[in-house]
1. Can you name every residue in region 89-100 that is in contact (Cβ under 8 Å) with a residue 12 or more places away in the chain and hydrophobic (A, V, I, L, M, F, W, C)?
2. The conditions are (1) open to solvent by less than 80 Å² (accessible area, probe 1.4 Å); (2) closer than 27 Å to residue 56 by Cβ, and residue 109 fails exactly one of them. Which is it?
3. Please name all residue pairs, on different chains or six or more residues apart, with Cβ atoms under 7 Å, provided the first residue is in region 63-78 and is under 15 Å from residue 113 (Cα atoms) and the second residue is modelled with pLDDT under 85 and part of a loop (DSSP other than H, G, I, E, B).
4. Among 65, 34, which is the only one that is at pLDDT 80 or above and open to solvent by 100 Å² or more (accessible area, probe 1.4 Å)?
5. Sort out which residues of region 75-100 are open to solvent by less than 80 Å² (accessible area, probe 1.4 Å), aliphatic (A, V, I, L, M) and assigned to a helix (DSSP H, G or I), and write them in order of number.
6. Suppose we filter region 101-136 for residues that are over 17 Å from residue 70 (Cα atoms), assigned to a loop (DSSP other than H, G, I, E, B) and touching a residue at least 40 places away in the same chain (Cβ under 8 Å); how many remain?
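The values are calculated or read from the model by the stated rules, or taken from the named source; none is laboratory data. Owing to the predicted nature of the structure, the values given are computational and were not obtained by experimental measurement. Quick reminder, even Gly has a Cβ in these numbers, built from the backbone with ideal geometry, and neighbours come from all protein chains shown. Areas reflect the complete protein model, heavy atoms only, side chains present, ligands, DNA and RNA absent. Shrake-Rupley method; radii C 1.70, N 1.55, O 1.52, S 1.80 Å.
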Amino acid sequence: MSVRLHHGEDDLAESHEINVTPFIDVMLVLLIIFMVAAPLATVDVPVDLPTSTAQRQPRPDKPVFLTVKADLSLALGDAAVTREGLAAALNAASGSDKDKRIFLRAARTVDYGALMEVMNALRGAGYLKVALVGLE
């Protein structure tokens with residue numbers, strides 16, 4: 001409530017005007033707080049990823065499949081491969097063609113860190129074109 005003071009009169013008259021400046025200040029501070037906090041709140045959202053609905057791509061004549069099994073062992077095609085011998089086995093399977101796409105399959109129970117280690121091993125061997133295989 002605001003009060004208007006007149007120097008000539010003894011009684012005080014009430015003013016019925018609303019001062020909106022503090023209201024605007026509070027709303028702007030809240031807006032800034034929500035603008036900063038909203039992106040931070042969406043980072044830790046648990047996600048259950050769906051299966052792929054992408055259109056099927058044409059399959060090459062001789063695809064190179066690298067499989068990460070549930071026990072974290074590797075298989076290139078049907079043959080078991082060690083992590084140390086992965087680069088040599090990939091060179092033999094692709095004819096040393098570093099531009100050939102490697103199709104990476106992994107069991108559902110393989111954790112993200114183990115899959116990234118295999119992808120880093122592929123990058124270290126020079127194979128940068130990696131396709132992840134999923135269910136349709």
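1. Passing the criteria: 89, 90, 93.
2. (1)
3. These pairs meet every condition: 68/107; 68/110; 69/107; 70/107; 70/109; 70/110; 72/110.
4. 34 is the lone residue from the list that is at pLDDT 80 or above and open to solvent by 100 Å² or more (accessible area, probe 1.4 Å).
5. Those that are open to solvent by less than 80 Å² (accessible area, probe 1.4 Å), aliphatic (A, V, I, L, M) and assigned to a helix (DSSP H, G or I): 86, 87, 88, 89, 90, 93.
6. Residues in region 101-136 being over 17 Å from residue 70 (Cα atoms), assigned to a loop (DSSP other than H, G, I, E, B) and touching a residue at least 40 places away in the same chain (Cβ under 8 Å): 2 in total.
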